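Everything on this sheet refers to the single structure shown next.
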Amino acid sequence: MKKYDLIIIGAGPIGLACAIAAKKANLEYLVLEKGVLVNSLYNFPEQMTFFSTSNLLEIGDVPFVAHNDKPTRKEALEYYRRVYDSWKLNVRLYSPVEKMEKDGDSYRIKTPKEDFKTEAVIVSTGFYDTARKLNIPGEELPKVKHFYDSPHPYVNQKILVIGAANSACDVALETYYKGAEVTMAIRGDEIYKKTKYWIKPNIENRIKEGSIKAYFNTTVTEIKPYSVVLNTPDGEIEIENDFVLAMIGYTPDYSLFENLGLPIDEEDAKKPIHDPETLETPLPNVYVAGVINSGMRTSKLFIENTRVHADMIIKDLMTKRTETV
């Protein structure tokens, strides 16, 4: 069984940043990724544009040059491939981690193909892969999408967009402009106040003029093959529907956390418990990095304000190694 100084779970931007920091420190490391390189970004909508500028997405001193101020998904995928190639990072793709077990002073990491042994672990798995659920009848129907791809499948279709934040408003506008008949179901009494400034007035104007129908203070209670049932302030209604796009956000993969043995603070947004100075969890030499550190408050941390996690963790690891020599 191959033994490493460090295993990093997740090959997203922060996982790659951790790998770069480990390489700089001459640690023997391995990155395990369940899907493709920067898997979460790969699953973003085809035409998505980042809210962050390219310089705020840079890692490893590799310049990120985009055509416009805010890069596209395609440009980001190209950029992180270049980072991977430039640093010749040790990454194994399509290698999901199934379990982590204590093995003396080390940890055994189990994957479907083989097991690894490591002195330290960084969990940097993001949250975009795990969608929040509606938990209502009909959610399992194939017409229900928790991840938006592109507007093309919805041309001339009656779609319901659930949500009122950036993703929901963006999806409602893009599908409307491409020929869909768009209805929105919004739990609150207005569009989310912190929706990006270039999106919010546009969606509000489309709703005001009637181009997009919006039901406020409304929840979806059932999804049927050709309709949806809404609980509105005026009572329950049923409207025709071809597709439901549930843009209600995403969560960390808590089933993975359980399999890894990571303790969670149930009282504080289900955050993985960790030292804010070192990012170490109660498990010795097991760290958490990136957006998962905010738990269910997924709008608090992003690539740009978690890039520092890599250096924080490697600094703590190297300090411990020096003290034990």
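The values are calculated or read from the model by the stated rules, or taken from the named source; none is laboratory data. In this text, all values refer to a predicted model and were calculated from it rather than measured experimentally. Note that we place each Cβ from the backbone using ideal geometry, even for glycine, and neighbour counts take in every protein chain shown. Each accessible area value is taken on the protein alone, full model and side chains, heavy atoms only, with ligands, DNA and RNA left out. Shrake-Rupley method; radii C 1.70, N 1.55, O 1.52, S 1.80 Å.
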Subject >> Å² per residue, accessible surface of the range 109-206 at 1.4 Å >> reply: 48
Subject >> Rounded Å value of the spacing that divides the Cα centres of the range 153-169 and the range 260-325 >> reply: 35
Subject >> Accessible area of the range 164-253 belonging to carbon and sulfur atoms, whole % at 1.4 Å probe >> reply: 46
Original post:
So what's the convex hull volume per residue for the Cα atoms of the range 1-151, in Å³?
Top reply: 135
Original post:
Relative to the longest principal Cα axis of the chain, at what angle does helix 73-87 sit, 0 to 90 degrees, rounded to 10?
Top reply: 10
Subject >> Solvent-free Debye scattering, log10 I(q)/I(0), computed from the Cα coordinates of the chain at q = 0.15 Å⁻¹ >> reply: -1.19
Original post:
In the range 111-159, what percent of the accessible surface is made up of carbon and sulfur (1.4 Å probe, ligands and nucleic acids excluded)?
Top reply: 51
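Among the listed pairs 70/320; 70/110; 133/194; 24/270; 88/193; 158/271, which have their C-alpha atoms separated by more than 31 angstrom in this model?
On the way: 70/320 39 Å; 70/110 39 Å; 133/194 22 Å; 24/270 33 Å; 88/193 43 Å; 158/271 38 Å.
Exceeds cut-off: 70/320; 70/110; 24/270; 88/193; 158/271.
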**OP:** Please compute the Cα-Cα pair-distance distribution of the range 90-206 with 10 Å bins starting at 0, giving whole percents from short to long.
**Re:** 11, 30, 22, 16, 17, 4, 0
Original post:
Taking a probe of 1.4 Å, how large is the accessible area per residue of the range 259-325, in Å²?
Top reply: 52
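Apply 1/(1 + (r/R0)^6) to the Cβ-Cβ distance of residue 90 and residue 219, taking R0 = 41 Å, and write down the FRET efficiency to the nearest 0.05.
0.30
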Subject >> Mean Cβ count within 10 Å, highest first, over the residues of peptides 278-288, 223-233, 69-79, 96-106 >> reply: 278-288, 69-79, 223-233, 96-106
Original post:
What order, most packed first, do the peptides 181-189, 85-93 have when packing is the mean number of other Cβ atoms within 10 Å of each residue?
Top reply: 181-189, 85-93
Original post:
Using a probe of 1.4 angstrom, how much of the accessible area of the range 1-83 is carbon and sulfur, in percent?
Top reply: 48
Subject >> Computed over the range 283-325, Cα set: Rg, Dmax in Å >> reply: 12.7, 41
Original post:
How much area per residue is accessible in the range 1-93 when the probe is 1.4 Å and only protein heavy atoms are counted (Å²)?
Top reply: 46
**OP:** Hey, can you grab everything whose amide H is under 5 Å from the amide H of residue 162? Only 5+ residues off in sequence or another chain; H modelled, so Pro and N-termini drop out.
**Re:** 185, 245, 246, 247
Original post:
Of the peptides 24-32, 108-116, how do they stack up when ordered by the mean number of other Cβ atoms within 10 Å, highest first?
Top reply: 24-32, 108-116
